[in-house]
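**Student:** Attaching a single structure in structure tokens format; questions to follow.
The values are calculated or read from the model by the stated rules, or taken from the named source; none is laboratory data. Just so it is clear, the structure is predicted and the values come from calculations on it, not from any experiment. In this analysis, Cβ positions are derived from the backbone assuming ideal geometry, glycine residues included, and neighbour counts consider all displayed protein chains. Accessible surface is based on the protein model in full, side chains and every heavy atom, while ligands, DNA and RNA are left aside. Shrake-Rupley method; radii C 1.70, N 1.55, O 1.52, S 1.80 Å.
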Amino acid sequence: MQTLLLVLDLCGTFVFAASGAAAANKRDLDLFGVLVISFVAGNFGGLVRDVLIGAVPPAAISDWRYLAVSIAAGLLTFLLNSVVGEILNFVLIFDAAGLALFAVSGTQKALSFNLNPLMAAVLGTLTAVGGGMARDLLLAQVPTILKADFRATPALVGAVVVVLGQSTELPPWQVAIVAAVIAFGVRVIAIHQGWSLPHARKH
Amino acid sequence: MQTLLLVLDLCGTFVFAASGAAAANKRDLDLFGVLVISFVAGNFGGLVRDVLIGAVPPAAISDWRYLAVSIAAGLLTFLLNSVVGEILNFVLIFDAAGLALFAVSGTQKALSFNLNPLMAAVLGTLTAVGGGMARDLLLAQVPTILKADFRATPALVGAVVVVLGQSTELPPWQVAIVAAVIAFGVRVIAIHQGWSLPHARKH
Amino acid sequence: MQTLLLVLDLCGTFVFAASGAAAANKRDLDLFGVLVISFVAGNFGGLVRDVLIGAVPPAAISDWRYLAVSIAAGLLTFLLNSVVGEILNFVLIFDAAGLALFAVSGTQKALSFNLNPLMAAVLGTLTAVGGGMARDLLLAQVPTILKADFRATPALVGAVVVVLGQSTELPPWQVAIVAAVIAFGVRVIAIHQGWSLPHARKH
């Protein structure tokens, strides 16, 4: 189970890092810039979560595999730039998987550090969307997730399921699977249906 | 006393969160974006202070009331967008109160973690102005406080009074009141007189 | 030796803070803004490193000299704005020295907190380039180091030398000198030869 989680976590990191690298290429960053954005997009959410709950050094710093996977994704995207752009449109499905997984694993980690359930769900959501926000900020843009992307809501739904599941008698790994499947499903339906959140009415 | 401080702290969070939501509405963020900016504007200064002094998880994460107040302020501003813009001009006075309070409570918390007096005053000022800076950065703007707002100086004055007061025989809560009143007064006078800091001469 | 390192560290802080202040003046920030950017440019890399490895409060917060040196550099640059612009072109050599030193001292500090060698080198590089990145972000710009500056590579080279040197029988201070000289040399040659990193091919 632990190994499965790690593998899934690294898969999520890979997908997010590749999407970061693609955005960096679009802005014509150099190789170093691309790799920095890759690492940040793949790991920033978890990094901030770990710093806030006092789990230092964060996993993304103490375990070299997160860096290795991020750099591999960044290099691959850097070298195959024209190809990756095409592929990424197909891998929205992978992005949805990464989102679901990060939300679930982030919430579980926060709960294991004795945070109250509400804030654990918030930190789980932050784990899922923090990397993309930091990627946009490094590119001097307002994070798209604050304006249009319907990605935070599926993450939050998954995080809430984890929190609710904790008070049942189900073992954590079953809760994790159910929560991830639900978050993934909500995200996929949202893409398909073009869901979005409301904006405030203009003056 | 402890309860009074908490209430005042939450009032400051509410005012700052509402101002963050108003700025987010102006940039046409969606509901999630508005709530994120609300929380960040109301809590980021204290969050960074707590991480830097080692008080993790930070109060804004471990105590759900900060999130609840931030979301309430964000939702209210989101729903009453046209009204709130008008009101906010009237509540510069509340903003001044929030600023004074955060500067004082931030400095006292830093001192209680045994920081040296100089850095405690700096962290107190950061507590007061950090939320507004992060709000602007998330909106991809140079923080206005770095360019024009005369808000850091009143906060710093209040923080210095707290530090100086510590070496007197006055009880902390009396020092806090005096410091907050002074910071508040300087801010209100600054608004009224249109004070600003100098800029470097051009080349 | 300890004293020498501190002096060199403060020199690096001074140079980076001055470069931050010059950039802030160019964007017409006010005095507070200039001093904030000075402190951030001189200390942000080390601050983040310390938070990530759990060394809180970070040295830049617990030791008042870092703030004092940063403010001195910021004030000087603020007052002598037109002069400093000219001088800074001459002090690329000092910037290279600061870069080399921060990379070395940052890596050694990370190693002393038992990080694995790979991540220690990464954090050493972050120490060297983090301040400049944060300076650019506060000015709402994509960090130049992600697009063009050839500064990360010399820092990384120096950091790797520190890591490799640790497994030899050389005393740490000799390793530090060798690593700093190499990083400094690579940076100076890079400036002279106009080296840059590759960019991804366009679609």
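**Student:** Only protein chains counted, 1.4 angstrom probe. Which residues of the range C:24-40 are at least 50 Å² less accessible in the assembly than when their chain is isolated?
**Tutor:** C:28, C:29, C:30, C:32
**Student:** Rg and Dmax of the range C:77-162, Cα atoms, in Å?
**Tutor:** 14.4, 45
**Student:** Could you state the angle between the C-alpha long axis of helix A:31-53 and the longest principal axis of the C-alpha atoms of chain A, as a value from 0 to 90 degrees rounded to the nearest 10?
**Tutor:** Rounded to the nearest ten degrees, it is 20.
**Student:** Rounded to whole Å and sorted largest first, what semi-axes of the equivalent ellipsoid does the C-alpha gyration tensor of the protein assembly as shown yield via the square root of 5 times each eigenvalue? Write out the running numbers ahead of the final one.
**Tutor:** Working: eigenvalues 227, 227, 109 Å².
Largest first, the protein assembly as shown gives 34, 34, 23 Å.
**Student:** Mind pulling the angle between the C-alpha long axis of helix A:2-26 and the longest principal axis of chain A? Nearest 10 degrees, somewhere in 0 to 90.
**Tutor:** 30 degrees
**Student:** At what distance in nm do the modelled label points of residue C:65 and residue C:167 sit from each other, each positioned 7 Å from its Cα along Cα→Cβ?
**Tutor:** Result: 3.4 nm between the two label points.
**Student:** Classify the range A:150-203 as rounded, prolate or oblate, taking a ≥ b ≥ c as the square roots of the eigenvalues of its Cα gyration tensor: rounded when a/c is under 1.5, otherwise prolate if a/b is larger than b/c and oblate if not. Please report the intermediate quantities before stating the final value.
**Tutor:** Details: a/c = 5.20, a/b = 2.10, b/c = 2.47.
Cα axes put the range A:150-203 in the oblate bin.
**Student:** Counting only protein heavy atoms and using a 1.4 Å probe, what share of the accessible area of the range C:57-203 belongs to carbon plus sulfur, as a whole percent? Before the final figure, lay out the partial values.
**Tutor:** Details: 4680 of 6750 Å².
The C+S portion of the solvent-accessible surface of the range C:57-203 is 69 percent.
**Student:** Which order do peptides B:19-27, A:158-166 fall in by mean Cβ count within 10 Å, highest first? Don't skip to the end; give the middle numbers.
**Tutor:** Details: B:19-27: 24.7, A:158-166: 22.7.
Top to bottom by mean Cβ count within 10 Å: B:19-27, A:158-166.
**Student:** For helix A:81-90, report the angle its Cα long axis makes with the longest principal axis of the Cα atoms of chain A; keep it between 0 and 90° and round to the nearest 10°.
**Tutor:** For helix A:81-90, the angle is close to 30 degrees.
**Student:** Further question on the same structure: Rounded to the nearest whole Å³, what is the per residue volume of the convex hull around the Cα atoms of the range B:1-133? Walk me through the numbers before you get to the answer.
**Tutor:** On the way: hull volume 12.8 nm³, N = 133.
Taking only Cα atoms, the range B:1-133 has a hull volume of 96 Å³ per residue.
**Student:** Another question about this same structure. Distance between the C-alpha centers of the range B:148-203 and the range A:156-185? Whole Å please.
**Tutor:** 48 Å
**Student:** Note the buried accessible area between B and C here, summed over both chains, with a 1.4 Å probe, in Å² to the nearest 100. Don't skip to the end; give the middle numbers.
**Tutor:** On the way: alone 11040 and 11030 Å², together 19700 Å².
The summed interface area works out to 2400 Å².
**Student:** Rounded to a whole number, what % of the accessible area of the range B:1-49 do carbon and sulfur atoms account for, probe 1.4 Å? List each step's numbers first, then the result.
**Tutor:** Numbers: 1290 of 1770 Å².
Accessible surface attributable to carbon and sulfur in the range B:1-49 totals 73 percent.
**Student:** Another question, then. May I ask for the distance between the Cα centers of the range B:16-63 and the range B:71-146, given as a whole number of Å?
**Tutor:** What the calculation gives is 9 Å, centre to centre.
**Student:** Then there's this: What percent does the relative contact order of the range A:116-161 come to when contacts are Cα pairs within less than 8 Å and at least six residues apart? Intermediate values should be presented prior to the final figure.
**Tutor:** On the way: 32 pairs, mean separation 21.7, N = 46.
Averaging sequence separation for qualifying contacts and normalising by length gives 47 percent for the range A:116-161.
**Student:** What gaps in nm, shortest first, separate residue A:4 from its twins in the other copies when you place the label 7 Å past Cα toward the beta carbon?
**Tutor:** 5.7, 5.7
**Student:** Right, something else. Helix-derived [θ] at 222 nm for chain B: sum -39500 (n - 2.57) over DSSP H runs of at least 4, divide by residue count, nearest 500? Please report the intermediate quantities before stating the final value.
**Tutor:** Working: 9 runs with 158 residues, N = 203.
Rounded to the nearest 500, it is -26000 deg cm²/dmol.
**Student:** Moving on to the next point. Quick one: compute the contact order of chain C, relative version, from alpha carbon pairs under 8 angstrom and 6+ residues apart, as a percent.
**Tutor:** Working: 302 pairs, mean separation 45.9, N = 203.
23 percent.
**Student:** Grab every C-alpha pair in the range C:1-71, bin the distances at 10 angstrom width from 0 up to the longest one, and report whole percents.
**Tutor:** P(r) for the range C:1-71, in whole percents per bin: 23, 47, 25, 5, 0.
**Student:** What shape does the range A:56-203 take by its C-alpha gyration tensor, where a ≥ b ≥ c are the square roots of the eigenvalues and a/c under 1.5 counts as rounded, a/b above b/c as prolate, and the rest as oblate?
**Tutor:** Details: a/c = 1.59, a/b = 1.20, b/c = 1.33.
It is oblate, given that a/c is not under 1.5 and a/b is not larger than b/c.
**Student:** How far apart are the residue A:196 label points across copies, placing each 7 Å from Cα toward Cβ, in nm, shortest first?
**Tutor:** 3.6, 3.6
**Student:** Continuing with the same structure: Considering only the label points, 7 Å along Cα→Cβ from Cα, what distances in nm to one decimal separate residue C:93 from the same position in each other copy, shortest first?
**Tutor:** Computed spacing set for this position: 6.1, 6.1 nm.
**Student:** Using the heavy atoms of the protein chains alone and a 1.4 angstrom probe, what is the accessible area of chain B per residue in square angstrom? If you can, show how the numbers build up before the last one.
**Tutor:** Details: 8690 Å² over 203 residues.
Normalised by residue count, the accessible surface of chain B is 43 Å².
**Student:** Within 10 Å of each Cβ in C:113-119, how many Cβ atoms from other chains are there, averaged over the peptide?
**Tutor:** Working: counts 2, 2, 4, 6, 1, 3, 8.
Mean number of neighbouring Cβ atoms from other chains: 4.
**Student:** Relative contact order, percent, of the range B:1-91 when contacts are C-alpha pairs under 8 Å separated by at least 6 residues?
**Tutor:** 36 percent
**Student:** Then there is this: Anything losing 50 Å² or more of accessible area from the isolated chain to the full protein assembly: pick those residues out of the range B:50-77, probe 1.4 Å, ligands and DNA/RNA ignored.
**Tutor:** Listed in order, they are B:51, B:52, B:61, B:67.
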